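Peer 1: The structure's right below; bear with me while I get my questions together.
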Amino acid sequence: MDRALATALTERFGSTLLTPVRQRFDETEIRVSVADAIETLRALHDETEFAFEMLIDLCGVDTGEEMQVVYHLSSSRSGDWLRVIVPGIDRSAPRVNSLVSLWPGAEWMEREAYDMFGIIFEGNRDLRRIYMPDDYASHPLRKDFYLADDASRSPAAGVRNMERAGTPVDATRGTTLRKSPGA
Amino acid sequence: MTTPLTKPSLDDPRIAIPAASEWYEPAPTAQTERQAEFLNLRDGEMFVNMGPQHPSTHGVLRIVVKVNGEQVVDLDPVLGYLHRGVEKLCENADYHQAICYTDPLEYVASLFCEAAPVAAFEKLMDVEVPRRAQYIRVLTMELNRIASHTLFQGWMALDLGGITPILWSFIERDEIVDMLAALTGQKLLYNYYRIGGVNGDLNHEFMSRLGNWMSRAAAQIDSNLGLMNENEIFVRRTRGLGTLDAATALRMGVTGPNLRATGVPFDLRRDHPYLVYPELEFNVPTRDEGDSLARYMVRIDEIRESIRIIDQVLHEMPDGPVMAKLPRLIRPRPGRAFGAVEGPRGAYGVYAISDGTDQPFRMRIHDPSFVHLQLVGPLTRGNLIADTMAVMASLDPVMGGVDK
């Protein structure tokens, strides 16, 4: 656990952080709003006191109430993983700024988050589905994704009668939406 | 009485020839700016499909290549042929079941795919792994790394058109696979790591096989290398091909041997230490050239370092239990954890979110091959078509992990 990193982050990004810096084992976690996300990441990358030059992971999270985009960064200056959570993205129209200008390697990870959650990354020039077919209707990792219903709308609809489900209204009846208090 | 066979003629009215518009699939419509750029053909250019069943694509990958004569102008990898939705499956499985879903992600080195989620779950549960179990994990992971790298060596030669090295590299790999099979009961998808330890202590058969192999491993691997390192065709073909510089590699999110081949000594075992790696002595091999040959050489050096690590582990392994005391039903408190290990291809990471139930609320799996596959486009632009395969082989992606 790198205490110095937490102090440095608080000093540098004080008002930008939505919650105080959290640390557990070798992980340091900060939360920034959608508007501040790219500037914060740019500062973390460029400023020599942080030098978070490596983007290890970018992923979307659906908490059932909101969308999040989570970045994991690594720096040669610290033995800690830095987790930057961008919470509070509207579930009905998720939209954030793209990281491609800073890390071109984020392009496919953003495409994946778009494919799985429907999060739109503004500024990504190639934002299309990466795993699912182009004519696929929904986003599989969303918490309201209901498998049978979606299969009935997929290109294979009607192949096997067993897989054909009712209307979306029927489909949501009886299924519970998991919501995370922890995320 | 049989009718005489006659040669069918196109004038025969029974033969219906479809109109030209039915012969060809309609060209896909561009959804994005980048795709529109890609689909726009200039004079003399054409599209060639590689895959999805091309023998040298390391799995089921399709690459649409835009070529001008023999030269690659641009390319667009099409993924998803192996997509199984592992992240979704894990959300609907309990913590123990989720580990075994991650096994087939990278079928060449599946112990690393287990190690990352196990590390994340252990952080969620706040459990200390017994020291003997930590040593066993390091031992088995390094064995698996050697198996993966020797297979890479053979694969790369195969992609360049040499058949012999893969036959030799399978000798070492088979020996390690049999060894791990004696330990875990499985040949490829081991499912050996548990939250809080490993499933079963080292057994006699494993140890005797390992001792037998260790006595000749270094010499055997060196003699196999002579097939390629001293092969002029191989060296000339790969030197200077697909050169990647350190700045681009960092911006592209490259990790593992591909990054170390550009001169950046980043290794999770050293920079984000886990298990007992801080107590072991090993070097982080790097090369400065950043070309396909450098990526090959870094992996060869890593094999030697792995043998060194195994040697130390065998000398220092303590006695004791191999499992921590944990309840059968894993139910971590709500929270988040990121576990990562240095695999043979780069950093495997798992970001797990718990909501207090016995199933992970979200389990993100980061696979390095996915990121590295993005490089195939930038590195092969302007090269010959045959070099696409050479560059891809040197990046060593495994499609099971790319497609998840």
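The values are calculated or read from the model by the stated rules, or taken from the named source; none is laboratory data. Predicted model, so just to flag it, every value in this text is computed and none were measured. Note: ideal-geometry Cβ built from the backbone for every residue, glycine included; neighbour counts use all protein chains shown.
Here's the yes/no breakdown for (1) surrounded by fewer than 22 Cβ atoms within 10 Å (Cβ to Cβ); (2) more than 10 Å from chain B (Cβ to nearest Cβ):
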{"residue": "A:23", "(1), (2)": "yes, yes"}
{"residue": "A:26", "(1), (2)": "yes, no"}
{"residue": "A:48", "(1), (2)": "yes, yes"}
{"residue": "A:64", "(1), (2)": "yes, no"}
{"residue": "A:68", "(1), (2)": "no, no"}
{"residue": "A:75", "(1), (2)": "yes, no"}
{"residue": "A:104", "(1), (2)": "yes, no"}
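Peer 1: Taking residue A:22 as meeting all but one of (1) in contact with an Asp or Glu (Cβ under 6 Å, 6 or more places away or on another chain); (2) touching a residue at least 12 places away in the same chain (Cβ under 8 Å), write down the number of the exception.
Peer 2: (2)
Peer 1: Is there any pair linking a residue in region B:333-344 that is at the interface with chain A (Cβ under 10 Å from one of its Cβ atoms) to one that is among the basic types (Lys, Arg), with Cβ under 8 Å and at least six apart or on different chains, and which?
Peer 2: B:335/A:24; B:336/A:83; B:337/A:24; B:337/B:123; B:338/A:83; B:338/B:123; B:339/B:123
Peer 1: Here's another thing I want to ask about it. Kindly indicate the residue of region B:357-384 that is in a loop (DSSP other than H, G, I, E, B) and more than 11 Å from every other protein chain (Cβ to nearest Cβ) and also surrounded by the fewest Cβ atoms within 10 Å (Cβ to Cβ) among those meeting that condition. Even if it seems obvious, please write down each step before you answer.
Peer 2: First pass over region B:357-384, keeping only residues in a loop (DSSP other than H, G, I, E, B): B:357-359, B:367, B:374-375, B:381-383.
This time we only want the ones that are more than 11 Å from every other protein chain (Cβ to nearest Cβ), so: B:358, B:381-383.
On the way: B:358: 14, B:381: 14, B:382: 11, B:383: 16.
Checking each candidate, the answer is B:382.
Peer 1: Can you tell me which residue among A:34, A:61 is in a strand (DSSP E or B), over 28 Å from residue B:246 (Cβ atoms) and of a type in the set (A, V, I, L, M, F, W, C)?
Peer 2: Among A:34, A:61, only A:61 is in a strand (DSSP E or B), over 28 Å from residue B:246 (Cβ atoms) and of a type in the set (A, V, I, L, M, F, W, C).
Peer 1: Still on this structure, I have one more. Anything in region A:114-173 that is in a loop (DSSP other than H, G, I, E, B), at pLDDT below 60 and loosely packed, with under 15 Cβ neighbours inside 10 Å? List them, or say none. So that I can check it myself, show each step before the final result.
Peer 2: The initial filter retains those residues of region A:114-173 that are in a loop (DSSP other than H, G, I, E, B), namely A:118-119, A:123-146, A:154-160, A:164-167, A:173.
Restricting the remaining residues to those that are at pLDDT below 60 gives A:154-160, A:164-167, A:173.
Those that are in a loop (DSSP other than H, G, I, E, B), at pLDDT below 60 and loosely packed, with under 15 Cβ neighbours inside 10 Å: A:155, A:156, A:157, A:158, A:159, A:160, A:164, A:166, A:167, A:173.
Peer 1: Which of the residues belonging to region B:162-182 are part of a helix (DSSP H, G or I), small (Gly, Ala, Ser) and under 16 Å from residue B:152 (Cβ atoms)? Quick ask: steps written out before the conclusion?
Peer 2: Looking only at region B:162-182, we keep the residues that are part of a helix (DSSP H, G or I), and these are B:164-182.
This time we only want the ones that are small (Gly, Ala, Ser), so: B:169, B:181-182.
The one that is part of a helix (DSSP H, G or I), small (Gly, Ala, Ser) and under 16 Å from residue B:152 (Cβ atoms): B:169.
Peer 1: Could we say that residue B:308 is out of contact with any helix residue (DSSP H, G or I) (no Cβ under 8 Å at 6 or more places or on another chain), modelled with pLDDT under 85 and away from chain A (no Cβ under 14 Å) here? Talk me through it step by step, then tell me what you get.
Peer 2: Details: out of contact with any helix residue (DSSP H, G or I) (no Cβ under 8 Å at 6 or more places or on another chain): yes; modelled with pLDDT under 85: no; away from chain A (no Cβ under 14 Å): yes.
Judged against the criteria, residue B:308 is not a match.
Peer 1: Need a quick list: helices (runs of 4 or more DSSP H) entirely within region B:46-144 having at least 1 residues that are touching a Cys at 6+ places or on another chain (Cβ under 7 Å). Explain how you work it out, then say what you get.
Peer 2: Values: elements: B:86-91, B:95-102, B:110-125.
So the answer is B:95-102.
Peer 1: While we're here: Just the residues that are charged (D, E, K, R) and in contact (Cβ under 8 Å) with a residue 60 or more places away in the chain, please, taken from region B:81-125.
Peer 2: Here is the first cut: in region B:81-125, the residues charged (D, E, K, R) are B:84, B:87-88, B:91, B:94, B:103, B:106, B:114, B:122-123.
Once the filter is applied, which keeps residues that are charged (D, E, K, R) and in contact (Cβ under 8 Å) with a residue 60 or more places away in the chain, region B:81-125 yields B:84, B:87, B:91, B:94, B:103, B:106, B:114, B:122, B:123.
Peer 1: Report every pair of residues separated by at least 6 positions or lying on different chains whose Cβ atoms are under 8 Å apart, first residue within region A:46-57 and assigned to a strand (DSSP E or B), second among the hydroxyl-bearing types (Ser, Thr, Tyr).
Peer 2: A:54/A:74; A:54/A:75; A:54/B:255; A:55/A:71; A:56/A:74; A:56/B:255; A:57/A:71; A:57/B:351
Peer 1: Could you tell me which numbered condition residue A:79 fails, if it satisfies all but one of (1) more than 9 Å from every other protein chain (Cβ to nearest Cβ); (2) surrounded by fewer than 22 Cβ atoms within 10 Å (Cβ to Cβ)?
Peer 2: It is condition (1) that residue A:79 fails.
Peer 1: Something else about it: Which condition does residue B:175 not pass, out of (1) out of contact with any strand residue (DSSP E or B) (no Cβ under 6 Å at 6 or more places or on another chain); (2) surrounded by 23 or more Cβ atoms within 10 Å (Cβ to Cβ), if it passes all the others?
Peer 2: Of everything listed in (1) out of contact with any strand residue (DSSP E or B) (no Cβ under 6 Å at 6 or more places or on another chain); (2) surrounded by 23 or more Cβ atoms within 10 Å (Cβ to Cβ), residue B:175 misses just condition (2).
Peer 1: Okay, next question. Across region B:45-57, what is the total count of residues that are modelled with pLDDT of 85 or more and loosely packed, with under 14 Cβ neighbours inside 10 Å?
Peer 2: The initial filter retains those residues of region B:45-57 that are modelled with pLDDT of 85 or more, namely B:45-49.
Subset that is loosely packed, with under 14 Cβ neighbours inside 10 Å: B:46, B:48-49.
Matching residues across region B:45-57 total 3.
Peer 1: Here's another thing I want to ask about it. Give just the number: which of (1) more than 14 Å from every other protein chain (Cβ to nearest Cβ); (2) in a loop (DSSP other than H, G, I, E, B) does residue A:39 not satisfy?
Peer 2: Of (1) more than 14 Å from every other protein chain (Cβ to nearest Cβ); (2) in a loop (DSSP other than H, G, I, E, B), only one is false for residue A:39: (2).
Peer 1: Right, here's the next one. I'd like the full set of residues that are of a type outside the set (A, V, I, L, M, F, W, C) and within 14 Å of chain A (Cβ to nearest Cβ), limited to region B:105-129. Quick ask: steps written out before the conclusion?
Peer 2: The first filter runs over region B:105-129 and keeps only residues of a type outside the set (A, V, I, L, M, F, W, C), leaving B:106-107, B:110, B:114, B:117, B:122-123, B:126, B:128.
Hits for region B:105-129 are B:117, B:122, B:123, B:126, B:128.
Peer 1: Of the residues that make up region B:287-298, is at least one within 24 Å of residue B:134 (Cβ to Cβ), polar (S, T, N, Q) and touching a helix residue (DSSP H, G or I) at 6+ places or on another chain (Cβ under 9 Å)?
Peer 2: Within region B:287-298, the subset within 24 Å of residue B:134 (Cβ to Cβ) is none.
No, that holds for no residue.
Peer 1: Of the residues that make up region B:69-85, is at least one over 26 Å from residue B:388 (Cβ atoms) and within 12 Å of chain A (Cβ to nearest Cβ)?
Peer 2: At the first step, the residues of region B:69-85 found to be over 26 Å from residue B:388 (Cβ atoms) are B:84-85.
This time we only want the ones that are within 12 Å of chain A (Cβ to nearest Cβ), so: B:84-85.
Within region B:69-85, one or more residues are over 26 Å from residue B:388 (Cβ atoms) and within 12 Å of chain A (Cβ to nearest Cβ).
Peer 1: If I filter region B:390-404 down to residues being closer than 17 Å to residue B:105 by Cβ and away from every other protein chain (no Cβ under 14 Å), which single residue comes out as nearest to the chain's Cα centre (by Cα)?
Peer 2: B:398
Peer 1: Related question: Looking for whichever is under 30 Å from residue A:133 (Cβ atoms), more than 8 Å from chain B (Cβ to nearest Cβ) and in contact with a helix residue (DSSP H, G or I) (Cβ under 9 Å, 6 or more places away or on another chain) here; the options are A:84, A:100, A:34. Which one fits? Quick ask: steps written out before the conclusion?
Peer 2: On the way: A:84 fails: under 30 Å from residue A:133 (Cβ atoms); A:34 fails: in contact with a helix residue (DSSP H, G or I) (Cβ under 9 Å, 6 or more places away or on another chain).
Testing whether each residue is under 30 Å from residue A:133 (Cβ atoms), more than 8 Å from chain B (Cβ to nearest Cβ) and in contact with a helix residue (DSSP H, G or I) (Cβ under 9 Å, 6 or more places away or on another chain) leaves just A:100.
Peer 1: Out of B:137, B:132, I need the residue that is of a type outside the set (Gly, Ala, Ser), more than 26 Å from residue B:295 (Cβ to Cβ), touching a Gly at 6+ places or on another chain (Cβ under 6 Å) and more than 14 Å from every other protein chain (Cβ to nearest Cβ). Which one? Break it down into steps so the answer makes sense when it comes.
Peer 2: Numbers: B:137 fails: touching a Gly at 6+ places or on another chain (Cβ under 6 Å).
Going through B:137, B:132 in turn, just one is of a type outside the set (Gly, Ala, Ser), more than 26 Å from residue B:295 (Cβ to Cβ), touching a Gly at 6+ places or on another chain (Cβ under 6 Å) and more than 14 Å from every other protein chain (Cβ to nearest Cβ): B:132.
Peer 1: Would you be able to tell me the number of residues in region B:67-100 that are surrounded by fewer than 21 Cβ atoms within 10 Å (Cβ to Cβ) and among the hydroxyl-bearing types (Ser, Thr, Tyr)?
Peer 2: Final tally of qualifying residues: 1.
Peer 1: Name the residues in region B:345-356 that are facing chain A (nearest Cβ under 8 Å) and outside any strand (DSSP E or B), would you? Don't jump to the end; show me each part of the working.
Peer 2: First, pick out the residues of region B:345-356 that are facing chain A (nearest Cβ under 8 Å): B:347, B:349, B:351, B:353-356.
Passing the criteria: B:355, B:356.
Peer 1: Going through B:67, B:60, B:108 one at a time, which residue ends up being at pLDDT 90 or above and more than 30 Å from residue B:356 (Cβ to Cβ)? Spell out the reasoning first.
Peer 2: Numbers: B:60 fails: at pLDDT 90 or above; B:108 fails: at pLDDT 90 or above.
So the residue among B:67, B:60, B:108 that is at pLDDT 90 or above and more than 30 Å from residue B:356 (Cβ to Cβ) is B:67.
Peer 1: Right, another one. Give, as residue ranges, the helices (runs of 4 or more DSSP H) completely inside region B:188-299 that count at least 3 residues that are modelled with pLDDT under 90 and crowded, with 18+ Cβ neighbours inside 10 Å. Spell out how you get there, then give the answer.
Peer 2: Details: elements: B:204-229, B:232-238, B:246-251, B:257-260, B:268-271.
Once the helices (runs of 4 or more DSSP H) in region B:188-299 are filtered for at least 3 residues that are modelled with pLDDT under 90 and crowded, with 18+ Cβ neighbours inside 10 Å, what remains is B:204-229, B:232-238.
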